Amino acid sequence: MQSEFNIMNISSTGLSAQRFRIELISTNIANSETTRTEKGEPYRRKVPIFQELVRNIQGRRENSGVIVKSVYEDPSEFRIVYDPTHPDADENGYVRLPNVNIIREMVDMINAQRAYEANATAINTTKAMITSALQIGR
């Protein structure tokens with residue numbers, strides 16, 4: 001039973017990580033037209049960095065799931081658009097827009113949703129296995 005509960009713990013960290021990833025993608029999409037942040041520049045796309053969560057149990061390393069290690073700001077170039085009527089346009093009429101590509105964000109969102117669903121399925125399958133094991137013992 002210990003390994004089954006470990007599977008559930010690992011999958012639950014995966015659920016949390018993918019939920020965080022989906023929230024970050026939503027923030028990227030919401031700010032895809034933000035031309036000025038507190039830093040005075042356009043919004044920069046944010047990407048989560050995941051790290052394996054490892055525990056030492058009786059002298060051996062054991063995977064315990066995944067955590068969000070940090071949030072990385074994509075250093076790629078901002079998009080440049082000609083719009084002399086925009087309040088943030090430079091003297092030549094060009095506006096720097098965030099480095100957020102909506103199509104890329106949607107693909108990342110679908111991948112995160114699939115990973116979330118896979119972790120939820122793993123938890124549900126493990127619960128069904130535990131229930132079946134308990135039924136056998138009756």
- [ ] Pop a pseudo-label 7 angstrom from the Cα along the beta-carbon direction at both T34 and I103 and give the gap in nm to one decimal.
- [x] 2.5 nm
Task: Ellipticity estimate at 222 nm from DSSP helix runs (n ≥ 4, -39,500 (n - 2.57)) divided over the chain, nearest 500 - done: -17000 deg cm²/dmol
Task: Scattering curve values for segment 1-137, log₁₀ I(q)/I(0), Debye with Cα scatterers, q = 0.10, 0.14, 0.18, 0.20 Å⁻¹ - done: -0.50, -0.76, -1.00, -1.12
Open item on the list: Accessible area per residue for segment 1-137 in Å², computed with a 1.4 Å probe and the full protein assembly in place, what is it?
Closed with: 65 Å²
Open item on the list: For the chain, take the longest principal axis of its alpha carbons; what is the angle in degrees between that and the long axis of helix 2-30, to the nearest 10 within 0 to 90?
Closed with: 10 degrees
Open item on the list: Within segment 1-137, what whole-number % of the accessible surface is contributed by carbon and sulfur, with the 1.4 Å probe and all protein chains included in the calculation?
Closed with: 54 percent
Open item on the list: Could you work out the relative contact order of segment 1-137? I mean the mean sequence separation of Cα pairs under 8 Å and 6+ apart, divided by the number of residues, in percent.
Closed with: 31 percent
Task: Helix axis angle, 102-136 relative to the chain longest principal axis, alpha carbon, degrees - done: 10 degrees
Task: Of S26, S64, S76, the one that fluctuates the most in a GNM where the chain has Cα springs shorter than 10 Å - done: S76
Open item on the list: Between segment 11-51 and segment 86-138, what is the separation of their alpha carbon centroids in Å?
Closed with: 11 Å
Task: Dipole of the chain, positive direction: furthest Cα of G14, I130, A120, with charges on the beta-carbon - done: I130
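The values are calculated or read from the model by the stated rules, or taken from the named source; none is laboratory data. Since the model is a prediction, treat every value here as computed from it, not as a measurement. Positions of Cβ are generated from backbone atoms using ideal geometry, with glycine treated the same way; all protein chains shown enter the neighbour counts. Heavy atoms of the whole protein, side chains included, go into the accessibility calculation; ligands, DNA and RNA do not. Shrake-Rupley method; radii C 1.70, N 1.55, O 1.52, S 1.80 Å.
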